[in-house]
Amino acid sequence: MSRIQATMTALLAQGRTALIPYVTAGFPYADITPELMHAMVAGGADVIELGVPFSDPSADGPVIQKAGEKALGFGVGVLQVLEMVRVFRSRDQATPVVLMGYANPVERYDIRHGAGSPDSAFIRDAAEAGVDGMLIVDYPPEECVEFAARLKTHGMDLIFLLAPTSTDARMAQVAEVASGYVYYVSLKGVTGAGTLDVEAVEAMLPRIRQHVQVPVGVGFGIRDAATAKAIGKVADAVVIGSKIIQLIENEPRNRVAAVAHDFLKEIRTALD
């Protein structure tokens, strides 16, 4: 059982909703990420989604795009992100970490670091660093059966996005390869866009669960404790990203971790 699966199973047994915050690696300061991750865990995070900076993030809105651009300006790429996870793991062996990003950096990493290797260098090195799962936005399920199998051999899960426009056929395809959890994008559009419709989410989740046996997390549009609490009543996990990025982007370095901690503590209290 992977670290993600163990965490989700334990929370389900306790009747608790998983809190999954997202932050962009290397933002808002190049060296802040491990400290920020520890603060989020102390604030109540059950799983951490760590964004891998990329120059063309098609699913991300302006807030996360801006964060990625800043991190790229600091020289943060896949190598640096994996080192951040290693540093985090030196003090925390329990909290699952999911890398969220795009195919291009993964495939470039394999080209640069996988010469002579029969396996994916990215998967090998991510597992060694202590990563527990991958969410590759532009990897469709029908094209990554082998990728998912390789991840599983290294104890990692492959997370997929589902959307309001997802068909039953697409959900069935995702169900064949997804593990850990699936991430339901509650809005049409990019991260940080629109206002979340709780009733629409509540209506969609039973349909998703007809096909998908793993826990279902909901994100895109959860920005405060009240919304998180409402979603937490129907979802297995709530995912929050853009709001955290907004809260920390202009903070001095010595305030970043505390601001994220306090915000997540409020969310955790509401969920519980």
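Structure values in brief
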read-out: Sole residue being polar (S, T, N, Q) and closer than 19 Å to residue 261 by Cβ, chosen from 7, 33; value: 33
read-out: Pairs, first closer than 14 Å to residue 48 by Cα in the range 73-88, second part of a loop (DSSP other than H, G, I, E, B) and modelled with pLDDT of 95 or more, C-beta under 6 Å, six or more apart; value: 81/25; 81/52; 84/25; 85/130; 85/131
read-out: Strands (runs of 3 or more DSSP E) wholly inside the range 174-272 containing at least 2 residues that are touching a Cys at 6+ places or on another chain (Cβ under 7 Å); value: none
read-out: Pairs, first closer than 27 Å to residue 215 by Cα and free of Cβ contacts under 8 Å to residues at least 60 places away in the same chain in the range 16-38, second buried (at least 24 other Cβ atoms within 10 Å of the Cβ) and polar (S, T, N, Q), C-beta under 8 Å, six or more apart; value: 25/33
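The values are calculated or read from the model by the stated rules, or taken from the named source; none is laboratory data. Note that the structure is a prediction, hence the values are computed from the model and not measured. Don't worry about glycine lacking a Cβ; one is built from the backbone with ideal geometry, like all the others, and counts go over all protein chains shown.
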